[in-house]
1. Among (1) within 10 Å of another protein chain (Cβ to nearest Cβ); (2) under 25 Å from residue B:274 (Cβ atoms); (3) in contact with a strand residue (DSSP E or B) (Cβ under 6 Å, 6 or more places away or on another chain), which single condition is residue A:342 missing?
2. So residue A:450 clears everything in (1) part of a loop (DSSP other than H, G, I, E, B); (2) in contact with a helix residue (DSSP H, G or I) (Cβ under 7 Å, 6 or more places away or on another chain); (3) more than 13 Å from chain B (Cβ to nearest Cβ) except one condition, right? Which one?
3. Being surrounded by 18 or more Cβ atoms within 10 Å (Cβ to Cβ), more than 16 Å from ligand 1 (Cβ to nearest atom) and touching a residue at least 40 places away in the same chain (Cβ under 8 Å): is that true of residue B:161 here?
4. From the list A:109, A:76, A:37, exactly one residue is surrounded by 15 or more Cβ atoms within 10 Å (Cβ to Cβ), at pLDDT below 95 and outside any loop (DSSP other than H, G, I, E, B). Which is it?
5. Would a scan of the range A:538-545 turn up a residue that is farther than 18 Å from residue A:318 by Cα and part of a helix (DSSP H, G or I)?
6. State all residues of the range A:391-425 that are more than 9 Å from chain B (Cβ to nearest Cβ), within 38 Å of the chain's Cα centre (by Cα) and in contact (Cβ under 8 Å) with a residue 24 or more places away in the chain; if no residue qualifies, say none.
7. Can you tell me which residues in the range A:131-153 are at negative phi and outside any helix (DSSP H, G or I)?
8. Restricted to the range B:143-153, and to residues that are more than 14 Å from ligand 1 (Cβ to nearest atom) and assigned to a helix (DSSP H, G or I), which residue is surrounded by the fewest Cβ atoms within 10 Å (Cβ to Cβ)?
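The values are calculated or read from the model by the stated rules, or taken from the named source; none is laboratory data. Note that the structure is a prediction, hence the values are computed from the model and not measured. Here the Cβ positions follow ideal geometry from the backbone for every residue, glycine too, while neighbour counts run over all protein chains shown.
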Ligand SMILES: Cc1ncc(C[n+]2csc(CCOP(=O)(O)OP(=O)(O)O)c2C)c(N)n1
Ligand SMILES: [Mg+2]
């Protein structure tokens, strides 16, 4: 069993609440959930929808076709009708698209009026739909009690009960034990940062990255975290670097345009060798682009941003679980090598809600590599074999000071124009990059060990690609996928290995210029035979990936 | 090393006001009994911004225009550090103008010493935001065509709690201002008039010397209107001293866990503390 629901309407019609209640109730029945929110860059009106898929299986992406459409207005019927399977139904209030007899009209608004609260209309619908799937009412009631304060909870509970009477149970879920969490990508990153001991997060609001800032801000006081809404993104990275220099774990984040403003300071991080973690939650560009939609077009930008040559690490986040653990890892790597670690997410991952095993906090290790027994004159940039110099915290050792400098500098951090020192310092910084290469994780490998068809992808396309490839494997196709998380330095072992026997390499990306493919050409000297690209701002469905792979193999 | 303030050989031009500013800074820190490891000088880029290289304290010599953001990050991370920003007029009021404005809004506890030579020194003599209208420079060869910015008036309008002006040619007076600024709880701006012996042939040492005068003993620095009048006085006579000083809540004070707790840098990191946050996702 594998069902999908779309709830669609105008911004401001309460879809968010409906979606989160529905997702939670389904999860509590022991089912996996994958939900994607598709919204416009406006506060009222327009057309927004949630696509919520649920199954016993570990689902990772949305599907083309749906089983149930809950239309909050007529427009939604028109937009999504075609996706509804023959076995599916369309539900709407009786006032919506009255003449359309493909719709199962329910007395949602009438019931809401009789309860003297217009706003519970969606809850009536929720009751109807949950009963359609045989979700026990006590589970749904519990979710409502958790979501709303007393009085409001009461009227919503009555609306729910009324709703339960409206539709019969058609596809009863088998209730199983629920041991999962339900989380989106932005929350997972933020939770990772808090777990990793981030004590300073600054940023400037920019969709779709704002969720990270919001989540950390919510728990800032509880966890001694300074959250600063900066005047601009230029300030953001410079400020985070100051905090990190002074000894706390610091992070900033934005979307592409904001990251563009951080680029000079990224280069600063490179030369002053102060650790920092940064996230770019991508949206389609150039410039303002599609503010609320998804794309993976900043790969090259993240790898190359910043003038001059310096080491950095770029990690693409593949799903919410990966987002959590890689954020934790980013802090450890930044502090081990004294480099910027850049995380890449996108709107699809950021706003996509998934069920996952609860994250394991017990095994998280915090590795800071800070020295405290250095006496006297301190060389911030001591030339070492590894290229990594010892790090101390300014103010913590009497008689010892720390100088960092954006100019080329000598070992003490003092400005220099010496040709010899310049060469040594460049080499020192780049030695760290060589060492970092030993740290990179190979891509996730799905499928055959010696595939004829090798799919390559990165970041949040993971879910759609994994499901599509598994379906093809079931059909007997010789296929495997490599899903890159660590992107820079670029890991090549698995790729070279698997490509040896492969007849076709198929590149799947959410951009127009096949940026991963170009990276593979450059670093692994391989080129893909087919490119499956999508840059309309909407995430791949797993069906689309399946279909388009099928076309080329 | 470093339990006393050591001075390193600067690359400033002979006769540059920066030497006097450094002397005053060293005296101020010594007289306040602050140890070098307890101070961080944050700077941008420019001749003034080279200060952290020439006196042995902790230093963060960052990007042009970007001294204030890291200074804020440093102070928030470790409230025990004395954070001083040293930067030029171009650095602070030009490239970094936005940070200057919004830094004031935070009222964070840092002392900001702007070396205002009314010119871009390091890049060889272009107009800065404080260069006078009509002044001939190496770039504005037929004269500056934009109005100068008045940093003290701007700071007062933005609600700064400590606004002062000094002169590099009056070291004892400048030492006093710097000490007050460092001791002040909150953002303290000291705009220091400083001749540039190479690139500014208008605002020379004697140009300043003939104009500056000490604010009288009777001057009430808690009166904002008076302060504004003094801030606007920049012509035949230029007042130096503390124009305005009042007590205000600082940025740090608005964070209870910093105000009442240890410096952030001393907070233990324990991932398990965050495990309970998963409850809301169940
Ligand atoms: C982003 C950027 N733009 C321009 C410069 C070049 N630059 C360095 S210092 C400076 C102006 C210096 O003037 P000021 O801040 O008044 O310092 P002064 O040298 O006069 O002490 C400029 C334009 C730079 N380093 N970085
Ligand atoms: Mg200047």
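1. Of the numbered conditions (1) within 10 Å of another protein chain (Cβ to nearest Cβ); (2) under 25 Å from residue B:274 (Cβ atoms); (3) in contact with a strand residue (DSSP E or B) (Cβ under 6 Å, 6 or more places away or on another chain), the odd one out for residue A:342 is (1).
2. With respect to (1) part of a loop (DSSP other than H, G, I, E, B); (2) in contact with a helix residue (DSSP H, G or I) (Cβ under 7 Å, 6 or more places away or on another chain); (3) more than 13 Å from chain B (Cβ to nearest Cβ), residue A:450 is out only on (2).
3. On the way: surrounded by 18 or more Cβ atoms within 10 Å (Cβ to Cβ): yes; more than 16 Å from ligand 1 (Cβ to nearest atom): yes; touching a residue at least 40 places away in the same chain (Cβ under 8 Å): yes.
Taking the combined requirement at face value, the residue satisfies it.
4. Details: A:109 fails: at pLDDT below 95; A:76 fails: at pLDDT below 95.
None of the others qualify; the one that does is A:37.
5. There is at least one residue in the range A:538-545 that is farther than 18 Å from residue A:318 by Cα and part of a helix (DSSP H, G or I).
6. Of everything in the range A:391-425, those that are more than 9 Å from chain B (Cβ to nearest Cβ), within 38 Å of the chain's Cα centre (by Cα) and in contact (Cβ under 8 Å) with a residue 24 or more places away in the chain turn out to be A:391, A:408, A:425.
7. Step one: filter the range A:131-153 for residues at negative phi, giving A:131-133, A:135-153.
Passing the criteria: A:133, A:135, A:136, A:148, A:149.
8. B:153
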